[in-house]
Amino acid sequence: MIQRLELQTLTNLLKLNPVVALLGNRQIGKTTLARLYSDKAKKETLYLDMELDSHFNRLQNDAESYLLKNKHKLIIIDEVQRMPKLFALLRALVDIDRKPARFLLLGSSSPNLIKGVSESLAGRIAYLDLGGINLIEAKKSKISQDTLWLKGGFPTALNLKQNSAVYNWYANLIKSYTEKDIKELFGVDFSSVTIRNFWSMLAHNNGNIWNKENYAKSLGVTAPTVGRYLEYMEGAFLITRLLPWHNNSKKRLVKAPKIYIRDTGILHTLIKTKDMDDLFGHPCVGASWEGFVIEQIRQLKPENLDLYFYRTHQGTEADLVLVKGIKPVACIEIKLSNAPQISKGFLQSITDLKTKNNFLIMPAGDNYQSKEKINICNLSDFLSIYLKNIK
């Protein structure tokens, strides 16, 4: 079993908070992580899965009595978004007996899209976003960077030996999301064919600037409808919306976000690449590597750093800008080359944003500093050495 770094984070949050929500894709490992915590916890636990009728029915009629009867336990509720009426009750129960580790909620959709969560549990709940297996976790389990990049971070897919089996697993996952899961998670009735086409379009434009009018025209729907598609994909943890950094410069800045498929296993299945030869022969390979690096940094960055990109209409660009509060502290350029060249646009970004920590991240190779004092480093070392020291 691949050991998750987030187990310690989850443990720490439950020591301090009455309610913790563990959020992430379906089949990303939320239930496994919750069970690992349960096995190690000194407190007795009760596990309820809202996708099992027998468990759902325990809370359908008289949830208050049932939960009060088990108030001495840590109550784990899986796929909690299926019963949104619980949130108001949980607030009341927590207020009666406010102590840590009362409820662990597992969910496959963003709390912003579950009616009542933010309002009902404000001040009582901590959130933990569980992403896919990251590079540090993978290397500890002797999984190579290329394997993680190709197969993506879903534990089941990552443990499959044959690339064809990985491809088929993701194809079934995509089919489930487009035909059932999106509708069930958000109570919408979108066409499964349209959702699949939209997802495929996002994959082939991975890392590009978002233009909802172009997508709407291609799909034959309205721009507001395409906006809702994107909102639900983001709410199901399937895509990342990377926002542009704005400052007070008089330069003409790009103001639309860039969109990335969060998991490269899903991305590679959507663009029909089954192995590294397929991937390196595909025009999306550079964007795939860029998205992979950004997702790794997103998972492992310190909490006080936020992620943006920077681009002007004159061609100045930084693939990633790390911002602390309102101050950019690092510019990052991402290259799929172990002998990379620093672009003029990136150098201008550093000048514009006045960042002192600047990096060019490559797949592998020795680390060194350029004459412009830019740290040229491989991804693994950036994540394990440099990232935590950016201030």
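The values are calculated or read from the model by the stated rules, or taken from the named source; none is laboratory data. All values derive from a computational prediction rather than experimental measurement. Cβ placement follows ideal geometry from the backbone for every residue including glycine, while neighbour counts extend to all protein chains displayed.
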Cβ-Cβ under 8 Å pairs, at least 6 apart or on other chains, region 288-308 side under 12 Å from residue 361 (Cα atoms), far side among the hydroxyl-bearing types (Ser, Thr, Tyr) and assigned to a helix (DSSP H, G or I): 292/264
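Can you give me the number of residues within region 333-381 that are assigned to a helix (DSSP H, G or I), touching a residue at least 40 places away in the same chain (Cβ under 8 Å) and out of contact with any Leu (no Cβ under 9 Å at 6 or more places or on another chain)?
Taking region 333-381 and keeping what is assigned to a helix (DSSP H, G or I), we get 344-353, 379-381.
Going one step further and asking which of them are touching a residue at least 40 places away in the same chain (Cβ under 8 Å), we end up with 352-353, 379-380.
Now narrow it down to the ones that are out of contact with any Leu (no Cβ under 9 Å at 6 or more places or on another chain): 352-353.
Going through region 333-381 one residue at a time, the tally reaches 2.
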The lone condition residue 311 fails out of (1) over 25 Å from residue 149 (Cβ atoms); (2) in a strand (DSSP E or B); (3) among the basic types (Lys, Arg) is (1)
Within region 1-16, which residues are of a type outside the set (A, V, I, L, M) and either at pLDDT 95 or above or not in a loop (DSSP other than H, G, I, E, B) (or both)? 6, 8, 9, 11, 12, 15
Of (1) free of Cβ contacts under 8 Å to residues at least 12 places away in the same chain; (2) hydrophobic (A, V, I, L, M, F, W, C); (3) over 22 Å from residue 268 (Cβ atoms), residue 165 satisfies all except one. Which? (3)
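Regarding residue 88, is this residue outside the structural domain of residue 143 (by TED's automatic domain parsing), closer than 30 Å to residue 183 by Cβ, surrounded by 21 or more Cβ atoms within 10 Å (Cβ to Cβ) and not polar (S, T, N, Q)?
On the way: outside the structural domain of residue 143 (by TED's automatic domain parsing): yes; closer than 30 Å to residue 183 by Cβ: yes; surrounded by 21 or more Cβ atoms within 10 Å (Cβ to Cβ): no; not polar (S, T, N, Q): yes.
For residue 88, the condition - outside the structural domain of residue 143 (by TED's automatic domain parsing), closer than 30 Å to residue 183 by Cβ, surrounded by 21 or more Cβ atoms within 10 Å (Cβ to Cβ) and not polar (S, T, N, Q) - is not met.
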So for region 220-227 (the condition being buried (at least 21 other Cβ atoms within 10 Å of the Cβ) and farther than 20 Å from residue 188 by Cβ), does at least one residue qualify? no
Restricting region 1-25 to residues that are buried (at least 18 other Cβ atoms within 10 Å of the Cβ) and within 17 Å of the chain's Cα centre (by Cα), the residue that is farthest from residue 134 (Cα to Cα): 21
Residue tally, condition assigned to a loop (DSSP other than H, G, I, E, B) and under 20 Å from the mean Cα position of the chain (by Cα), over region 231-283: 10
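Quick one: would you say residue 316 is of a type outside the set (A, V, I, L, M), buried (at least 18 other Cβ atoms within 10 Å of the Cβ) and at pLDDT below 95? Lay out the reasoning, then the answer.
Working: of a type outside the set (A, V, I, L, M): yes; buried (at least 18 other Cβ atoms within 10 Å of the Cβ): yes; at pLDDT below 95: yes.
For residue 316, the condition - of a type outside the set (A, V, I, L, M), buried (at least 18 other Cβ atoms within 10 Å of the Cβ) and at pLDDT below 95 - is met.
The rows are residues; the columns are (1) closer than 30 Å to residue 276 by Cβ; (2) of a type in the set (A, V, I, L, M).
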| residue | (1), (2) |
| --- | --- |
| 309 | yes, no |
| 316 | no, no |
| 336 | yes, yes |
| 347 | no, yes |
| 352 | no, no |
| 356 | no, no |
| 374 | yes, yes |
| 387 | yes, yes |
Which one is surrounded by the fewest Cβ atoms within 10 Å (Cβ to Cβ), of the residues in region 319-370 that are within 28 Å of the chain's Cα centre (by Cα) and of a type in the set (Asp, Glu)? 319
